[in-house]
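Reading through the structure tokens given below for one structure.
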Amino acid sequence: MSGTALLEAVIDGILAGGVYALMAAGLTLIFGVMDIINIAQGIMVILGAYLSFELSVHAGIGLLPGLLITVPAMFCLGVAIEFCFMRRLRDQDRTQMSILVTYAVAIVIEGVLTAIYGVDYQQLSASYVNSSVHMFGFYLPDIYLIGFGMAVALLVALYYMLYRTKFGRGVRASLQNRTAADLIGVDVNRVRTLTVGIGVGVTAVGGVVFGATNSFNPNTGYDLISRLLAIVVLGGMGSIAGAMAAAVFILVINDVVAVWWSPTWAPIVYFVALVIVLSVRPQGLLGHAAVRAQ
Amino acid sequence: MRVLSRLTNGNMRLGGAALLAAGASALSVAVASAGAHATGRTASKSPIMIGASLSLSGDFSADGQAFARGYQLWAADQNKAGGLLGHPVKMQIISDASNPAQVTTNYQKLIGSDHDQLVFAPFSTLLTIPAARVAERYQYAMVGGADGGPTVFSSGLRNVFDVSIPVKNNLVTFATWVASLPKSKRPKTAAYVTVNDPFTQPQLPVAQAILKKAGVKTVLNKVFPAEVTDYNSIASQVAGDKPDLVILGSVDVPTVSAFTHVFIQQHYNPKAFIATAGPDQGAQFVKAVGSGNENGIFVPNGWYPGFKKSDSQKMVREYVAKYGGSASGVNADVAEAYAVGQVLAQAVKATHGFDQQKIISYLKSGVTLNSVQGPVKFDKLGENLAQKTLTFQWQNGKLVQVIPTSAAGSVRPQYPKPAWG
């Protein structure tokens with residue numbers, strides 16, 4: 001095992017971490033604000049990939065310009081899901097029930113995708129999917145660099161929205177104490193609806209990068225969800241920066257262990273790391289204890 | 001939050017699949033009729049129900065659906081030929097969502113509750129073991145087309161059969177050919193990377209032993225879990241070691257596709273690249289790796305759409321007529337499934353009935369049976385030793401038979417592998 005291979009694994013982990021942060025950002029937002037565990041997040045990533053596939057193959061719209069359509073489309077889907085299903089959940093058993101509700105949503109989406117596309121594997125293609133740049137003595141894949149760049153840009157935008165806008169103050173107020181937020185005039189229902197819309201909308205960005213780096217079919221989402229949930233829990237529920245930090249942390253550990261030792265042990269090691277971190281900081285890397293006290 | 005902790009410890013895939021399977025089963029997903037256009041004497045007799053659990057969703061869904069088509073195609077042909085002993089055949093296919101626990105439930109239902117007269121195996125070694133255990137309790141024969149992993153035959157099951165080639169010998173033909181190359185042309189180094197699956201894992205050590213004896217040095221030997229969603233680090237490590245030969249133990253298209261894309265990104269083109277499964281998936285594989293990138297990739301198998309055998313060619317024509325596409329896009333799973341029906345039909349005909357013990361004894365009697373994949377002759381364990389593994393290669397957008405080079409129908413292998421694209 002050379003130092004070069006180890007360094008390459010670290011860089012791969014950082015870049016792949018950005019891609020996973022893109023997929024987990026929406027999950028942490030919804031989790032943090034609404035205490036809703038969105039089991040459908042994995043299939044929504046795949047749905048985002050299918051939308052990009054559709055635009056790319058049938059309308060000739062490139063993967064990145066296509067985001068101007070897929071992100072708003074997924075935002076509308078998120079709003080509809082919140083309005084139709086999540087809003088009806090009672091506060092006292094919201095978290096537990098949300099698992100069932102979002103699982104049902106996942107099955108419906110999976111069923112619709114299967115009916116339309118079948119189970120044949122698809123993969124998004126573009127000129128930058130197979131190209132790479134030579135930097136630091138390594139070939140760094142363009143698609144991962146693009147994914148990482150989009151992750152940073154998107155997470156900065158979400159951070160700005162949360163901490164520099166009136167809507168963001170409403171989100172954070174709802175996150176800290178939804179009853180108090182209601183009392184001071186925050187329209188909590190509106191905040192929740194828009195939060196789910198944003199959370200699902202950003203998933204389209206994760207979907208396009210996932211679909212360009214992996215073959216997918218309507219069943220692929222199940223492999224993603226356990227890792228995305230681990231990222232959200234480790235980063236701190238509701239923390240966008242935490243999702244980024246946790247994604248990079250987990251993927252770097254995963255890739256280094258895979259290269260240095262064995263890919264079989266990689267998930268075990270990062271789940272052990274997850275347990276250790278959570279036993280020291282139950283609120284996650286960048287989460288706030290008060291949030292979970294609600 | 002017990003549910004959450006279960007999700008975060010990585011069990012979601014299985015748990016999700018189980019719930020999905022339960023839902024699918026509850027809805028009795030697919031009671032797929034074989035078309036049963038029974039004519040003449042078959043019309044007056046009651047139908048024979050043949051049950052099978054297949055992965056219509058989940059990790060093996062692409063293979064499971066291809067298997068379903070193969071079973072249905074055989075049943076339709078059998079009905080056209082008068083059914084089984086004059087009875088029309090009806091397939092009862094229910095989904096297991098690629099979940100071993102659901103497979104057990106499904107065969108309990110098919111045999112114990114529905115009393116189907118015959119059962120066909122599910123897809124994969126992984127799912128056949130629990131299925132065969134249920135079938136053995138009811139003393140049913142369990143004949144499959146994709147259950148050739150050694151664990152199936154070392155499980156002490158006396159009722160299980162695989163009409164395809166035993167998995168552990170899959171790479172022998174290829175490895176022997178590599179070892180036979182002149183020393184100046186022979187690869188000097190090889191990487192062995194495989195998913196931890198009972199189908200792939202037994203194959204690599206056999207090939208490695210042959211190549212090691214021929215002086216091919218191992219530079220990497222790694223096993224990765226089936227749940228991997230990011231192959232970048234593993235594939236980059238292979239590319240970084242720059243072996244002349246890559247042997248990839250894969251069960252599906254996404255794995256081979258991910259390695260291919262990383263190899264291209266890393267400007268690495270091995271002299272030879274073989275994957276145990278994935279490249280045999282026809283048009284799906286080409287679509288995933290990108291047109292042109294498939295050329296030069298090898299895959300071991302016992303059958304391909306161009307296989308020169310009359311019943312195989314008829315099956316391919318019927319498949320294209322029924323499901324569309326082109327002959328080269330027909331998945332090898334279809335032939336494996338079709339062959340299961342052919343073999344059981346011959347056993348039923350020879351034993352003049354549906355007595356499972358008689359069928360099992362007949363299949364183990366050393367008789368040679370016919371299938372679209374070639375001859376079938378089971379040993380005492382239920383492995384088919386009558387066929388020899390062939391190795392195929394994508395050349396100019398077509399999957400062609402290349403090894404053994406002396407075999408009828410083989411064309412010259414492309415070596416070294418052409419550049420990507």
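Taken together, the values in this text are just the output of simple stated rules run on the coordinates, not laboratory data. Just so you know, these numbers come straight off a predicted model, no measurement behind them. With ideal geometry, Cβ positions are generated from the backbone for all residues, glycine too; neighbour counts draw on all protein chains shown.
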Tell me the chymotrypsin sites (Phe, Trp or Tyr not before Pro) within the stretch B:114-145 that lie in a loop according to DSSP and have at most 11 other beta-carbon atoms within 10 Å. none
What angle do you read, to the nearest 10 degrees and between 0 and 90, between the alpha-carbon axis of helix B:203-213 and the longest principal axis of chain B? 40 degrees
Please arrange A:R169, A:R178 by how many other C-beta atoms lie within 10 Å of their C-beta, fewest to most. A:R169, A:R178
On the Cα set of the protein assembly as shown, report Rg and Dmax in Å, please. 26.3, 84
Chain B: antiparallel bridges as % of DSSP beta bridges, rounded to 5, reads 30 percent
Taking placed amide H atoms and a strict 5 Å upper bound, the residues 5 or more places from B:Q395 or on another chain that come that close are B:G296, B:V400
Under 5 Å between amide H atoms, partner at least 5 residues away or on a different chain: which partners does B:K222 have, H built in plane at 1.01 Å? B:Y192, B:V193, B:T194
Need one value for B:260-267: mean number of C-beta atoms belonging to other chains within 10 Å of its residues' C-beta atoms. 6
Can you quote the Å³ per residue value for the convex hull of the Cα atoms in chain A, rounded to an integer? 131 Å³
So, in nm, how far is label A:R164 from label A:I116 when the simple model puts each one 7 Å beyond its Cα toward the Cβ? 3.5 nm
Quick one: 3J(HN,Hα) in Hz for the stretch B:322-338, Karplus 6.51/-1.76/1.60 with θ = phi - 60°, rounded, Gly and Pro as x. 7, 10, x, x, 10, 4, 5, x, 6, 6, 4, 4, 4, 5, 4, 5, 4
Projected area averaged over all directions for the convex hull of the alpha carbon atoms of chain B, nm², comes out at 20.5 nm²
Could you put A:T102, A:T195, B:T105 in order, starting from the residue whose Cβ has the fewest other Cβ atoms within 10 Å? B:T105, A:T102, A:T195
With springs only between Cα atoms under 10 Å apart, run a GNM on chain B and tell me which of B:E227, B:E318, B:E294 wobbles the most. B:E227
Taking the stretch B:295-414 as the region of interest, what is the percent of Cα-Cα pairs per 10 angstrom bin, listed from the shortest bin to the one with the maximum distance? 13, 38, 31, 15, 3
Rg from C-alpha atoms of the stretch B:154-210, normalised by the globular rule of thumb 2.2 N^0.38 Å, equals 1.41
List, in order, the whole-Hz ³J(HN,Hα) value for each residue of the stretch A:172-179 obtained from phi through the Karplus relation with A = 6.51, B = -1.76, C = 1.60 and θ = phi - 60°; use x for Gly and Pro. 5, 5, 5, 5, 7, 7, 5, 5
Select from A:M97, A:G62, A:L51 the residue farthest towards the positive end of the dipole of the stretch A:49-107; place +1 on Cβ of Lys and Arg, -1 on Cβ of Asp and Glu, and compute about the Cα centre. A:M97
Over the stretch A:42-129, the quotient of the Cα radius of gyration and 2.2 N^0.38 Å is 1.27
For the Cα atoms of chain B, what angle does the longest principal axis make with the long axis of helix B:253-265, in degrees from 0 to 90, nearest 10? 10 degrees
In order through the stretch A:157-164: 3J(HN,Hα) via Karplus (6.51 cos²θ - 1.76 cosθ + 1.60), integer Hz, x for Gly, Pro: 4, 5, 4, 4, 4, 6, 10, 10
Counting other Cβ atoms within 10 Å, which chymotrypsin sites (Phe, Trp or Tyr not before Pro) in the stretch A:139-176 have at most 10 and lie in a DSSP loop? none
For A:R90 and B:K358, extending 7 Å from Cα along the Cα-Cβ vector and measuring point to point gives, in nm, a value of 6.2 nm
Show the residues, 5+ positions off or on another chain, whose built amide H is closer than 5 Å to the amide H of A:F138. none
Crossing angle, helix B:232-241 versus chain B [Cα axis fit, 0-90 degrees, rounded to tens]: 50 degrees
